[in-house]
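Here's the structure we're looking at; comments come further down.
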Amino acid sequence: MIIVGVGVGPNMLTLEAIEVIRNAPVVYGSERSIELAKDFINCEAHTIKNYRELHLLPVDAVVLSTGDPMFSGLGKFAGENDRVITGISSVQASCARFHVEMSNLAMITAHGRDPYPAMEALRREIEQGKNIFLLPAENFGSAEVAALLKEMGIEAKICLYENIGYPQERAVVGSVQDPPLAGSGMYCILVVQC
């Protein structure tokens, strides 16, 4: 199986990803990932119902993963003999958009999981002086991050980037006192310490 990152939004496929998708005998992915790659799919495309059953797919299957497969993506399901092709991630897009250097960045995900470990990781990394990239959870977004930072006595910029690459893309910067709030469920957060 080849797991291909299709990028975080439209027009973010790498040339390597396009080539693999064009030559695929069969493609699997979420509705969104198939939509992002549709111009390059020349075979049957199937929506994945259960990601834990990827190992049951044909050996030559191409599996599409939004963003980059190795950050909160499908790369975690790759077997020893599977290939993973990187994609443009929300981390890369956000750092470029807000001019944040990645070398002092801690990446944390609460997306689709219990947010408590992400809260603890955020606290720990902030105490180490790191800036934070966060894929939020439904109940752990910019308002909750701001409250945690306020409790810790930390001043920081809170950058919210949503619908990356889509016509309704929105990039806003707020503060611990006045955090930006998301208008959709497809967003990420950067915390840049002052």
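At a glance:
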read-out: FRET E, pair Glu44, Lys76, Förster distance 22 Å, beta-carbon r, rounded to 0.05; value: 0.30
read-out: Antiparallel DSSP beta bridges within the chain, as percent of all bridges there, nearest 5; value: 50
read-out: Average accessible area per residue (Å²) across the chain - probe 1.4 Å, nucleic acids and ligands excluded; value: 52
read-out: Area accessible to solvent at Asp60, 1.4 Å probe radius, in Å²; value: 90
read-out: Straight-distance crosslink candidates among aspartates and glutamates, where the alpha carbon sits under 16 Å from Lys38 and sequence neighbours closer than 8 are dropped; value: Glu16, Glu19
read-out: Rounded to the nearest 10 Å², the accessible area of His55 at probe 1.4 Å; value: 140
read-out: Cα-based convex hull volume of region 30-104 per residue, rounded to whole Å³; value: 117
read-out: Candidate aspartates and glutamates for bridging to Lys76, where Cα separation is under 14 Å - those fewer than 8 sequence places away on the same chain excluded; value: Glu53, Asp68
read-out: Under the Karplus curve 6.51 cos²θ - 1.76 cosθ + 1.60, θ = phi - 60°, whole-Hz ³J(HN,Hα) for region 162-176, x wherever Gly or Pro sits; value: 10, 6, 4, x, 8, x, 8, 3, 9, 10, 9, 10, x, 9, 4
read-out: Filtered trypsin sites (Lys or Arg not before Pro), region 100-141: DSSP coil and at most 16 other beta carbons within 10 Å; value: Arg113
read-out: Accessible-area composition of the chain, carbon plus sulfur, in percent [1.4 Å probe]; value: 49
read-out: Coil-residue GluC sites (Glu not before Pro) of region 153-194, DSSP, other Cβ within 10 Å capped at 13; value: Glu155
read-out: Heavy-atom SASA rank of Ser72, Ser103 (probe 1.4 Å, accessible area, largest first); value: Ser103, Ser72
read-out: Region 81-182: projected area of the alpha-carbon convex hull, averaged over directions, in nm²; value: 7.8
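The values are calculated or read from the model by the stated rules, or taken from the named source; none is laboratory data. Since the model is a prediction, treat every value here as computed from it, not as a measurement. Note that we place each Cβ from the backbone using ideal geometry, even for glycine, and neighbour counts take in every protein chain shown. SASA here: full protein model, heavy atoms, side chains in, ligands and nucleic acids out. Shrake-Rupley method; radii C 1.70, N 1.55, O 1.52, S 1.80 Å.
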